[in-house]
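The values are calculated or read from the model by the stated rules, or taken from the named source; none is laboratory data. None of the values given here were measured: they were computed from a predicted structure. Using ideal geometry, Cβ is built from the backbone for each residue, glycine included, and neighbour counts are taken over all protein chains shown. Note: areas computed on protein heavy atoms with side chains; ligands, DNA, RNA excluded. Shrake-Rupley method; radii C 1.70, N 1.55, O 1.52, S 1.80 Å.
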Amino acid sequence: MSRVETARQEAESKTLFGFWVYLMTDSVLFASFFATFAVLRNSTYGGPSGETLFSLPFVLAETLILLTSSFSCGLAILSARQGQKNRVLWLFGLTFLLGLAFLGLELHEFSHLYYEGNGWRRSGFLSAFFSLVGTHGLHITAGLIWMAVMMSKVRSAGLTPFNLKRLTMLSLFWHFLDIIWIFIFTVVYLLGVAS
Amino acid sequence: MKPAPDKDTKSGTLHSYWTGYLLSLSLTLVAFSVVKHHVDSGHVSPSDNYVLVILAVLAITQLFVQLVFFLHLDRESKPRWNAVVLAFAAVVVVILVAGSIWIISNLNYHHAGPGHTHGGHALIPQQNDQQIINDEGISP
C-alpha cells in the first residue's frame, strides 16, 4: 500500500468518524423530541388520543417499507465496495423508491389528520406528535435528496474513492433514520394504541 | 502494515445484512402482534405494564441488532471511538428523556392535580381546577 493511499484512508476514517459524531448529536435532538412527546402524550385537551387516531396496520406497512429500504441500502454499499456500478445504481434506485413510498404514506397520514381537524394546533399531544414524526420525515426528505445527488454522481464519475466515502456516509445516515423510526413506531404508535 | 484486509469485513457481508434484516423484521412483527393481541383482548391479555416492558425490550434488542448488523459497530478497529461517542450519546439521551418524564410528572402532580399522574388521561382545565380544590380541601 502506497503512502498516499495510507494517508487517504486515514483521512477517510476521520471523515467517517466526524459523520458518526454528527449522527450521535442528531440522536440527542431526537431525544428532546421524544422527551417532549413522552411528557405531552396524555395532554389531549379533550381531543382525540393516539388510540383513536392511529391505524396500526398502516404504520406497520410504513415500518416494513423503511426497514426494507435500510436493507437494500446496505446491499448497495456492499456492491459499491465490490465495484459493481450498475448494481449500486439499481439498489440505490430501489432504496430511493422505498424511501419515497414511506414519505408518501407519512404525508398522507399527516394531511388526513390535518383535514380531520386534528392538526398540530389541536392539542399538546398532537403538537408533540407532529414535531417528532415531522422531524424524522424532514430527515428522510434530506436523505432522499442526498441519494438522488449521489446516484447522478455515481452515474457520471463512477465509484471513485471519494464517491465511495460519500456513499458510506449516506448509508450510515439511512440506517440511523431507520433506528430512529423503530423508536417512533414503538413509543408513538404501539404504545399510543396499547395504553 | 496489515496484509490488505479484504474490504468486505469492514462493511459487513451479505450474510450479516440478511441476518440483520430478518431479525429486525421478526422483532417488528412480534411487537406488532403483542399490541394487536393486547388491544383485541380489551387491554387485559398481556397487562398494560407487561406490554410496556415487552415493547421496550423488543425495541432495544432491535437497536442492537441494527447497530451490529447494519452499522457494523462490532467490526470497529482498536480504540473504538465510535462506541465511546455512542455510549456518551446514550447517557445524554437517557438523562434527557428519563429526567424530563420524572420532573414533569412531578410538576404535573403538584400543579394539575393527581388525576394527571394516576388516571393517565388529562382532564380539561375546569375539571382539573375542581379536582385540585377537592383534593386539597380548599373551600370555595
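Worth pointing out:
- Residue A:188 vs. criteria surrounded by 19 or more Cβ atoms within 10 Å (Cβ to Cβ) and more than 10 Å from chain B (Cβ to nearest Cβ): yes
Here is a yes/no grid of residues against (1) open to solvent by 80 Å² or more (accessible area, probe 1.4 Å); (2) more than 19 Å from the chain's Cα centre (by Cα):
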site: B:66; (1), (2): no, no
site: B:74; (1), (2): yes, yes
site: B:77; (1), (2): no, yes
site: B:90; (1), (2): no, no
site: B:96; (1), (2): no, no
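- The residues on offer are A:173, A:130, A:162, and the sole one that is within 30 Å of residue A:6 (Cβ to Cβ), part of a helix (DSSP H, G or I) and open to solvent by 20 Å² or more (accessible area, probe 1.4 Å) is A:162.
- Tally, over the range A:1-45, of residues that are in contact (Cβ under 8 Å) with a residue 40 or more places away in the chain and surrounded by fewer than 13 Cβ atoms within 10 Å (Cβ to Cβ): 1
- Looking only at residues in the range B:20-43 that are open to solvent by 40 Å² or more (accessible area, probe 1.4 Å) and touching a residue at least 12 places away in the same chain (Cβ under 8 Å), the one that is farthest from residue B:76 (Cα to Cα) is B:30.
- Failed condition for residue A:71, given (1) free of Cβ contacts under 8 Å to residues at least 40 places away in the same chain; (2) surrounded by fewer than 23 Cβ atoms within 10 Å (Cβ to Cβ): (2)
- Checking each residue in the range B:95-104 for being more than 8 Å from every other protein chain (Cβ to nearest Cβ) and either at pLDDT below 95 or within 13 Å of residue A:30 (Cβ to Cβ) (or both) picks out B:102, B:103.
- Residue in the range A:5-15 that is more than 8 Å from chain B (Cβ to nearest Cβ), touching a Phe, Trp or Tyr at 6+ places or on another chain (Cβ under 8 Å) and assigned to a helix (DSSP H, G or I) present: no
- Residue in the range A:133-150 that is open to solvent by 60 Å² or more (accessible area, probe 1.4 Å), over 19 Å from residue A:60 (Cα atoms) and at pLDDT below 95 present: no
- Of all residues in the range A:112-127 being free of Cβ contacts under 8 Å to residues at least 40 places away in the same chain and in a helix (DSSP H, G or I), the one that is surrounded by the most Cβ atoms within 10 Å (Cβ to Cβ): A:114
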